[in-house]
Amino acid sequence: MRNREFAGTPVGAVGLGCMGMSWAYSASERDDDASVALIHEALDLGVTFLDTAQPYGDGHNERLVGRALAGRRDEAVLATKTGLVVTDVATMGIARRGTPGHVKASAEDSLRRLGTDVVDLYYLHRVDPDVPLADTWGAMAELVAEGKVRTLGLSEVSVAQAAQAHAIHPVAAVQSELSLWTRDAMGAPGGLAGIVPGDDQSAADGPGDVVSWCAANGAAFVPYSPLGRGFLTGTVTSADFEDTDFRGGNPRFQEEALKANLRIVDVVKAVAARHGATPAQVAIAWTLAQGGHVLPIPGTKKSRYLRDNAAAADLDLTAADLAELDALPAPVGARY
């Protein structure tokens, strides 16, 4: 696999989001032993940029990743997050908590669950509108000074929020949803990333072009859900989800919207056919084409999809391909 660079360290151009191994998607397919084996396979393939967070299974995912990295910790660039807490595991309820005390305590909890003495990348999962960003970010910067965290990142923020944090301590990465059907972070109008009560920008203004801000300020941009929560692979053709799968309540995955959105997949399939590739590889390659600082983290629990996703790093889309994909219609339905 081709490499890219994160904070001076080579990493596989395609990373691995580990959330689905513990949280949000079909519970019947979860298998801890299989997930540990999958993470080992990822490392063997050069997929070394791993992403987890405390809320994913209320600590379960961090423990799982820690188990997988036992004896192999030096092979991975490991990211986790602070700033969200689980209020109800059964309903996947979460709340924002950005107090300095929580930042410090949650870091200690994450280190313990992960079985490591340092995290390579520590994100603020969401900005807490009730806590000044400077206070939250300042506490996170103290963790860097203490040697418990190497670099800091933000998730789902606006350009203004990223710039505010960067003036206090360098932002090494911004993680936001980005895919062929979700382009808020590229400045698409109406985007909601980073919009919380108290912002001085309106939801209509959107977050701004966060992807370009990262390029200009030496930060990585990390797209989560580059496969559109599985939709862009072409394998989701009806609104038939387990009760434990949050997509069942997602507006874009309701039957009428889903059927309308299949026209997006049709174009992705056509591009894939020209290259002898899969739709998933085209979707991931499109995110990679947005800049050398972009490090997508598709999630999966299955070996065949892991290998498929990793191979996207070697797919070069043509200018004509990119123009066709850039011209895709907006999806039907909000992303949340």
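So, ALA90, is that one among the small types (Gly, Ala, Ser), out of contact with any Cys (no Cβ under 6 Å at 6 or more places or on another chain) and open to solvent by 20 Å² or more (accessible area, probe 1.4 Å) or not? Talk me through it step by step, then tell me what you get.
Details: among the small types (Gly, Ala, Ser): yes; out of contact with any Cys (no Cβ under 6 Å at 6 or more places or on another chain): yes; open to solvent by 20 Å² or more (accessible area, probe 1.4 Å): yes.
Answer is yes for this residue.
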request  = Scan region 243-259 for residues that are surrounded by 13 or more Cβ atoms within 10 Å (Cβ to Cβ) and part of a loop (DSSP other than H, G, I, E, B) and report the count.
outcome  = 4
task = Starting from region 164-176, keep only residues that are at pLDDT 95 or above, then list their pairs with residues that are open to solvent by 10 Å² or more (accessible area, probe 1.4 Å) and assigned to a strand (DSSP E or B) whose Cβ atoms are within a distance under 7 Å, requiring at least 6 positions of separation or different chains.
result = ALA172/THR151; GLN175/TYR224
ask   = Quick check: anything in region 61-73 part of a helix (DSSP H, G or I), open to solvent by 10 Å² or more (accessible area, probe 1.4 Å) and of a type in the set (Asp, Glu)?
value = no
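Of a type in the set (A, V, I, L, M, F, W, C), part of a helix (DSSP H, G or I) and open to solvent by less than 20 Å² (accessible area, probe 1.4 Å): does that describe ALA320? So that I can check it myself, show each step before the final result.
Working: of a type in the set (A, V, I, L, M, F, W, C): yes; part of a helix (DSSP H, G or I): yes; open to solvent by less than 20 Å² (accessible area, probe 1.4 Å): no.
Here the answer is no, as ALA320 does not meet what is asked.
If you go through region 38-52 one residue at a time, how many are in a helix (DSSP H, G or I), open to solvent by 10 Å² or more (accessible area, probe 1.4 Å) and either in contact (Cβ under 8 Å) with a residue 24 or more places away in the chain or of a type in the set (Phe, Trp, Tyr) (or both)? If you could, list the steps in order and put the result at the bottom.
Within region 38-52, the subset in a helix (DSSP H, G or I) is 38-45.
Those left that are additionally open to solvent by 10 Å² or more (accessible area, probe 1.4 Å): 40-41, 43-45.
Cutting the leftovers down to either in contact (Cβ under 8 Å) with a residue 24 or more places away in the chain or of a type in the set (Phe, Trp, Tyr) (or both) gives us 40-41, 43, 45.
Selection size over region 38-52: 4.
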request  = Could you tell me which residue of region 109-141 is most open to solvent (accessible area, probe 1.4 Å), considering only residues that are touching a residue at least 40 places away in the same chain (Cβ under 8 Å) and of a type in the set (Asp, Glu)?
outcome  = ASP109
query = Taking only pairs six or more apart or across chains, which ones have beta-carbon atoms under 6 Å, a first residue in region 6-29 that is surrounded by 14 or more Cβ atoms within 10 Å (Cβ to Cβ) and in a loop (DSSP other than H, G, I, E, B), and a second residue that is among the basic types (Lys, Arg) and modelled with pLDDT of 95 or more?
reply = ALA13/ARG2; ALA13/ARG4
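In region 260-314, how many residues are assigned to a helix (DSSP H, G or I) and either of a type in the set (Ser, Thr, Tyr) or open to solvent by 20 Å² or more (accessible area, probe 1.4 Å) (or both)? Break it down stepwise before answering.
To start, the set of residues in region 260-314 that are assigned to a helix (DSSP H, G or I) comprises 260-275, 279-288, 303-314.
The next check asks that each one be either of a type in the set (Ser, Thr, Tyr) or open to solvent by 20 Å² or more (accessible area, probe 1.4 Å) (or both); those that pass are 260, 262-263, 266-267, 269-270, 273-275, 279, 281, 287, 303-305, 307-308, 311, 314.
So the answer is 20.
What is the residue count in region 192-215 for residues that are of a type outside the set (A, V, I, L, M) and modelled with pLDDT under 50?
Residues that pass the stated criteria total 7.
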request  = Please work out which one of (1) under 30 Å from ALA289 (Cα atoms); (2) open to solvent by less than 60 Å² (accessible area, probe 1.4 Å) is the condition GLY101 fails and give its number.
outcome  = (1)
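The values are calculated or read from the model by the stated rules, or taken from the named source; none is laboratory data. All figures in this text were calculated on a predicted structure; none of them were measured in a lab. With ideal geometry, Cβ positions are generated from the backbone for all residues, glycine too; neighbour counts draw on all protein chains shown. All accessible areas refer to the heavy atoms of the entire protein, side chains included, with ligands and DNA or RNA removed. Shrake-Rupley method; radii C 1.70, N 1.55, O 1.52, S 1.80 Å.
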